[in-house]
Amino acid sequence: MPLIPQAVPATADARVDRVLRPRWHLARTRLLWSAVVFPFAVVAICLVFLGLATGARDWAAVPALGAAVPAAVGALRLRGRGITDPPSWLPTAFLVAGCQLLLGVIPGFGIAVNAATGAAAGVAGALFASAWLCAGGSCLAAHRAHRALLTPLVPELGATGFHLAVPARIAITAPAPVSASIAIGTDGVRWSARFHRGRSAGPRVDFAVPFARLHDVAAVTLPPTPALRPWVTLPDGTVLYAQPGPALLLRADSAEWMIPVHDAVLIRELLLSRKGWWVRARSRP
């Protein structure tokens, strides 16, 4: 079984597979570079550092292990749920690359330079620069894999198990680092808003509706009057407003929720397609 499946994962619809196959082929190639080629190239660089560190102690092999473990963990994650979670591809690549640099490349280079002489020291310096290029290339390939698969959004993506995230359309009355997004998962839809405050999490609100409770999704247009209407209030009192324009109306049991979005028709199709996928998945033996 290949590390990254050749067919579009988590879909049993031939039409959906046919539409998404070119996207998946491109995304798969870039994901292989991000999760396999670049990280294990860094492992090879650390092994060369070990070879250049002639006369060093036995613990000189530790940096090679420090580069190999994150690479293996990052690659194996794709065999599980990571393959259907495109928003996590770039953070995972960044984390793997950072661990490899801190645990493998930097100490391995230091050991090699201290032990090597002449041309060997120059080779170590060139390999050190190459490792940083591999780390950057891994993150760039992950970002481009995400874009190749999900940009632009098409309704067929709803009939897969891929986690989808789209921004909400919000307004605030004062400049503030606030964001809001909608996440379409495999069992329901979630939306959240948060205030970014430095490196801390900041105030945040989250809402969720499982597909088992979601009865209807409607694309509506908010009228121009009033120009702004309160949508969500964060725990610190910051109010996010919905502007006139497209929005989704979710009806679940006895409750209704309105979510302002940029393309209500498309996201409605995505949600309905995903709910149909969820129903079919539950009915399979």
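The values are calculated or read from the model by the stated rules, or taken from the named source; none is laboratory data. The structure presented is a predicted model; accordingly, all values stated were derived computationally and were not measured. Don't worry about glycine lacking a Cβ; one is built from the backbone with ideal geometry, like all the others, and counts go over all protein chains shown. In case anyone asks, the SASA skips ligands and DNA or RNA and just uses the protein heavy atoms, side chains included. Shrake-Rupley method; radii C 1.70, N 1.55, O 1.52, S 1.80 Å.
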Have a look at Leu164, Leu101, Leu127, Leu149 and point out the one that is crowded, with 20+ Cβ neighbours inside 10 Å and touching a strand residue (DSSP E or B) at 6+ places or on another chain (Cβ under 6 Å).
Leu164
Within the stretch 252-262, identify whether any single residue is farther than 18 Å from Ser192 by Cα, touching a strand residue (DSSP E or B) at 6+ places or on another chain (Cβ under 8 Å) and surrounded by 15 or more Cβ atoms within 10 Å (Cβ to Cβ), and answer yes or no.
no
In the stretch 132-162, how many residues are farther than 30 Å from Ile106 by Cβ, in a helix (DSSP H, G or I) and in contact (Cβ under 8 Å) with a residue 40 or more places away in the chain?
8
Of the residues in the stretch 38-82, those that are in contact (Cβ under 8 Å) with a residue 12 or more places away in the chain, open to solvent by 20 Å² or more (accessible area, probe 1.4 Å) and aromatic (Phe, Trp, Tyr) number 2
So Ser181 fits all but one of (1) in a strand (DSSP E or B); (2) in contact (Cβ under 8 Å) with a residue 24 or more places away in the chain; what number is the exception?
(2)
Which number in (1) open to solvent by 40 Å² or more (accessible area, probe 1.4 Å); (2) aliphatic (A, V, I, L, M); (3) at pLDDT below 90 marks the one condition that Ala171 misses?
(1)
I'd like to know if the stretch 163-170 contains one or more residues that are of a type in the set (A, V, I, L, M, F, W, C), within 30 Å of Thr11 (Cα to Cα) and in a loop (DSSP other than H, G, I, E, B).
yes
